[in-house]
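Input: a single structure, listed below in structure tokens.
The values are calculated or read from the model by the stated rules, or taken from the named source; none is laboratory data. These numbers come from a predicted model, not from an experiment. In this analysis, Cβ positions are derived from the backbone assuming ideal geometry, glycine residues included, and neighbour counts consider all displayed protein chains. Note: areas computed on protein heavy atoms with side chains; ligands, DNA, RNA excluded. Shrake-Rupley method; radii C 1.70, N 1.55, O 1.52, S 1.80 Å.
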Amino acid sequence: METEKKKIVFSAIQPSGTITLGNYLGAVRNWVNMQDEFNCIYALADLHTITVRQEPAVMRKNILDAYASIMACGIDPEKSLFFIQSHVHTHAELAWILNCYTQFGELSRMTQFKDKSAKHADNINAGLFTYPCLMAADILLYQADMVPVGADQKQHLELSRDIAVRFNGLYGNVFKVPEGFIPKNGARVMSLQDPTRKMSKSDENVNGCVHLLDTPEVIMKKFKRAVTDSEAVVRYGEGKEGINNLMSIYSAVTGKTLEEIEKEFEGKGYGDFKTTVGEAVVEALRPIKTRYEQLIRDKAYLEECYRKADETALRFSRRTLSKAMKKIGFIL
Ligand code: ATP
Ligand code: LTN
């Protein structure tokens, strides 16, 4: 009989656009793989998305599309909780509290804040600055042991740990200090058009980013246009960011090692290589797209799934929020 309690996994994704190959390989694929071994709790981080201005009708559509796409990747509502962050009020409440236990200097060092404030110079709002406190609240509310994310979230995760340690130092053991879980393969998928920048949902160059719901034709076109170099040798190395990125993607979807890939394409040109990578990605995404199309037609089922998960998430997270508030001195 199993006596050991399953560890708790928490992660979230913003519905700030359609889900990308980077989101899938860096994060969601691990969410799916962790469902049997761990107690998994996942959220659609819609509160996070308003740090950047959103069009209301587009935001509504993005939330439901992202929910259905992530379920289509293989999140099973019988095994995992998958809820909508804004439906669970404890997140905003703990985020406010953690704001008061986080220093201005710490938040100023966050590279995502620096990048996003450069990109949205006309709207450098306070939410964009304190975003990591909301992320810390998400994680700490569920006493998560492990947080599967892509490499770009490492700094935010470390800040969450620092906040937890500081709070526990003041009030005793209130929060579990979480560990990151960053995949070996696919942790940082780069733009196909500018392989020095990460592939991002909100990339203006549409050819740089592969979306889970792109058609096979569009995916093939994007891979065929991918930026490479002039060496014409499929080899992982310095100054070959484009090829390195394609090799990493190919490795992540097929499980082949970089050496195996170099061997497979010995004496072959970049054209062949790009076609093979594109085809492998199309095949990996095909079942996801089919499942998405079924799910998005059944809005009642989607709603049933998130309402149920919202309720359970509220029940779990309330316990941590109450404990933290009591320790601070609030009268409950
Ligand atoms: P935005 O463009 O709005 O900032 P994003 O595409 O960066 O969005 P997030 O919702 O911020 O996506 O991230 C969701 C998850 O996907 C996180 O765990 C993040 O680390 C991971 N992720 C995002 N982009 C990549 C990428 N290019 N490669 C690997 N993982 C990624
Ligand atoms: N900030 C994350 C999304 C996110 C998240 C979280 C990830 C919000 N809350 C909690 C892990 C745990 C991002 O990917 N930009």
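Which of the residue pairs 198/299; 6/154; 268/289; 61/154; 222/289; 119/323 have a Cα-Cα distance greater than 27 Å in the structure shown?
On the way: 198/299 32 Å; 6/154 24 Å; 268/289 31 Å; 61/154 29 Å; 222/289 17 Å; 119/323 39 Å.
With Cα atoms farther than 27 Å apart: 198/299; 268/289; 61/154; 119/323.
For segment 1-86, with only Lys/Arg (+1) and Asp/Glu (-1) charged at the beta-carbon, what is the dipole magnitude about the Cα centre, in debye rounded to 20? Let's see the in-between values first.
Numbers: 8 positive and 9 negative charges, 51 e Å.
Using Cβ point charges on Lys, Arg, Asp and Glu, segment 1-86 gives about 240 debye.
Taken per residue, the accessible surface of segment 28-107 reaches 42 Å², heavy atoms only and a 1.4 Å probe.
Normalised by the number of residues in the chain, what is the relative contact order in percent for Cα pairs under 8 Å and 6+ residues apart?
Relative contact order for the chain comes out at 22 percent.
Considering every pair of different Cα atoms, what Kirkwood radius, in Å, is found for segment 1-99? Computed over Cα pairs of segment 1-99, the Kirkwood hydrodynamic radius comes out at 14.5 Å.
Could you give the dipole magnitude of segment 89-204 about its Cα centre, charging the beta-carbon of Lys and Arg +1 and that of Asp and Glu -1, in debye to the nearest 20? Walk me through the intermediate numbers first.
Numbers: 13 positive and 13 negative charges, 49 e Å.
Dipole about the Cα centre, nearest 20: 240 debye.
Summarise the long-distance tail of P(r) for segment 105-176 by giving the % of C-alpha pairs beyond 22 Å.
Working: 688 of 2556 pairs.
Value for segment 105-176 (Cα pairs over 22 Å): 27 percent.
Of all complete DSSP H helices in the chain, those with a Cα span along the helix axis of 30 Å or greater and a mean Kyte-Doolittle hydropathy of -0.5 or more are 270-297.
Size check on segment 119-158: the Cα extents along the three principal axes, sorted descending, read 38, 21, 12 Å.
For segment 148-211, what does the accessible surface come to per residue with a 1.4 Å probe? Please give it in Å². Each step should come with its number before you reach the end.
Numbers: 3000 Å² over 64 residues.
For segment 148-211, the solvent-accessible area averages 47 Å² per residue.
Would you work out what percent of the accessible area of segment 186-230, with all protein chains in place, is carbon or sulfur (probe 1.4 Å)? Walk me through the numbers on the way to the answer.
Values: 1090 of 2150 Å².
C and S fraction of accessible area: 51 percent.
Taking only the Cα atoms of segment 63-127, the ratio Rg/Rh comes out at 1.09, with Rh defined as the Kirkwood radius. Close amide H pairs (under 5 Å, H built 1.01 Å from N) link residue 198 with 191, residues at least 5 positions away or on another chain.
Using only alpha-carbon positions, what ratio does the radius of gyration of segment 190-332 give when scaled by 2.2 N^0.38 Å?
1.51
Amide H contacts for residue 84 (H built 1.01 Å from N in the peptide plane; partners 5 or more residues away or on another chain; cut-off under 5 Å): 44, 310. Per the Debye calculation on segment 210-291 with a single equal scatterer at every Cα and no solvent contribution, log₁₀ I(q)/I(0) for q = 0.22, 0.25 Å⁻¹ amounts to -1.02, -1.25. Three principal axis extents describe the C-alpha atoms of the chain; from largest down they are 71, 48, 44 Å.
The 3J(HN,Hα) values that the Karplus relation (6.51, -1.76, 1.60; θ = phi - 60°) gives for segment 189-194 are, in residue order, 7, 9, 4, 6, 9, 9 Hz. Gly and Pro appear as x. Of the accessible area of segment 1-50, computed with a 1.4 Å probe over protein heavy atoms only, carbon and sulfur atoms account for 47 percent. Counting only protein heavy atoms and a 1.4 Å probe, tell me what percentage of segment 281-327's accessible area is made up of carbon and sulfur. Of the solvent-accessible surface of segment 281-327, carbon and sulfur hold 50 percent. Shape verdict for segment 122-270, please, from the Cα gyration tensor: rounded (a/c under 1.5), prolate (a/b greater than b/c) or oblate. Verdict is prolate for segment 122-270.
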